[in-house]
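This report concerns only the one structure given below.
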2 protein chains.
Amino acid sequence: MATEYSISDLAAEFDITTRTIRFYEEKGLLAPQRSGNSRIYTPAERTKLKLILRGKRLGFTLEESRSIIEMYDPEHGNTDQLQSLLAKIREKQAHLEQQLHDIEVMMVDLGEAEKNCLDAIAAEEA
Amino acid sequence: MATEYSISDLAAEFDITTRTIRFYEEKGLLAPQRSGNSRIYTPAERTKLKLILRGKRLGFTLEESRSIIEMYDPEHGNTDQLQSLLAKIREKQAHLEQQLHDIEVMMVDLGEAEKNCLDAIAAEEA
DNA sequence: CGACAGGTTGACGTTAACGTCAACGGCAGA
DNA sequence: TCTGCCGTTGACGTTAACGTCAACCTGTCG
């Protein structure tokens, strides 16, 4: 349970390049501290990175991941801002529900494809 | 229940451009018939397009969608080819399971974010 | 006949998300 | 002191997935 990480620590842990991590910082998704010239990552920054990568696996753009990250540390803004944040949250939820449905259907399809494939192999061996 | 479609029929139905559809054809994902110079799409081609778009919503690349399409009309190859197809199927299944897990976690997170947001709004109004 | 909506093929432009490379600084070990 | 290793900042290259535009054909409506 380290309390801080170097850039290569994170790169190794998540199997990405340091260039990628710096790129996320350029885009304003990460904001590590500095020790002299070097970047130092707190567990909070590491969590942000995890969120980004999870977003990637779900086909989210970095912009979308950025807005997801922002949901985690709200700016304690006014009601308008909170309403807009709430709207974003519900938008993402709808997105995820669509994906859930897509996955369900595709799972069924793949299951059938698998069966057909196994049948064909069995027939071949007969 | 039309038995064939023009390129703009499909573009309108799925809310994409004709350029996009032609692009998929360039990449070998679609293979419409021709009536003179114009493209004619059968229901089977339309289904392929649906598969591509579903893949897109799940963050699949066109290459991945291509291999998914190929699972639907197997080339009735030899056992080796079938085995490799089976491997691909299971790979996609694993991919989907990872996505399912990601979605579950993100749903919970968003639910909490939503609650925090609602609480903050309530506090603001108090 | 004219024009107009739909189709076609290139060819080039664009954006996101990095990869690659050059040129440099700092520090630990032999 | 020199050799690596890890880090840094630009700057430019690359790939996927289209968008945009020009130049053209083709059927049909008034």
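Of note:
- Shape category assigned to the stretch A:21-79 from the gyration tensor of Cα positions, a/c cut at 1.5: oblate
- 3J(HN,Hα) from dihedral phi, the stretch B:6-19, Karplus parametrisation 6.51/-1.76/1.60, rounded to Hz, x for glycine, proline: 8, 5, 7, 4, 5, 4, 5, 4, 9, 6, 10, 8, 5, 4
- The overall shape of the stretch A:55-102 is oblate: from the C-alpha gyration tensor, with semi-axes ordered a ≥ b ≥ c, the ratio a/c is 1.5 or greater and a/b is no larger than b/c.
- Teacher prompt: A:T47 distances to equivalent labels in other copies, 7 Å Cα→Cβ, nm: 4.7
- In the calculated pair-distance distribution of the stretch A:21-126, the portion above 17 angstrom amounts to 67 percent of the Cα-Cα pairs.
- The Stokes-Einstein estimate for the protein assembly as shown, based on a Kirkwood radius over Cα pairs and taken at 25 °C with 0.890 mPa s viscosity, is a diffusion coefficient of 114 µm²/s.
- Inter-copy separations for B:V108, label at 7 Å along Cα-Cβ, nm, ascending: 2.8
- Crossing angle, helix B:62-72 versus chain B [Cα axis fit, 0-90 degrees, rounded to tens]: 60 degrees
- Peptide A:84-94 has a mean of 4 when you count, residue by residue, the C-beta atoms of other protein chains within 10 Å of its C-beta.
- Of all residues in chain A, the one whose Cβ lies closest to the rotation axis carrying A onto B, together with that distance in whole Å, is A:G59, 1.
- For A:R34, label point 7 Å along C-beta direction: distances to other copies, nm: 6.2
- Two-site label geometry, B:D15 and B:S84: point separation in nm, points 7 Å out along Cα→Cβ: 3.9 nm
- Computed from Cα atoms, the angle from the helix B:43-57 axis to the main principal axis of chain B rounds to 30 degrees.
- Helical mean residue ellipticity (222 nm; -39500 (n - 2.57) per DSSP H run of 4+; nearest 500) of chain A: -24000 deg cm²/dmol
- Legend: mean number of C-beta atoms from other chains within 10 angstrom of residue C-beta atoms, peptide A:114-123, equals 5.
- Cα gyration tensor shape for the stretch B:67-126, rounded if a/c is under 1.5, else prolate or oblate: prolate
Bear in mind that the values in this text are calculations on the coordinates, not laboratory data. Everything numeric here is computed off the predicted structure, so don't read it as measured data. Note: ideal-geometry Cβ built from the backbone for every residue, glycine included; neighbour counts use all protein chains shown.
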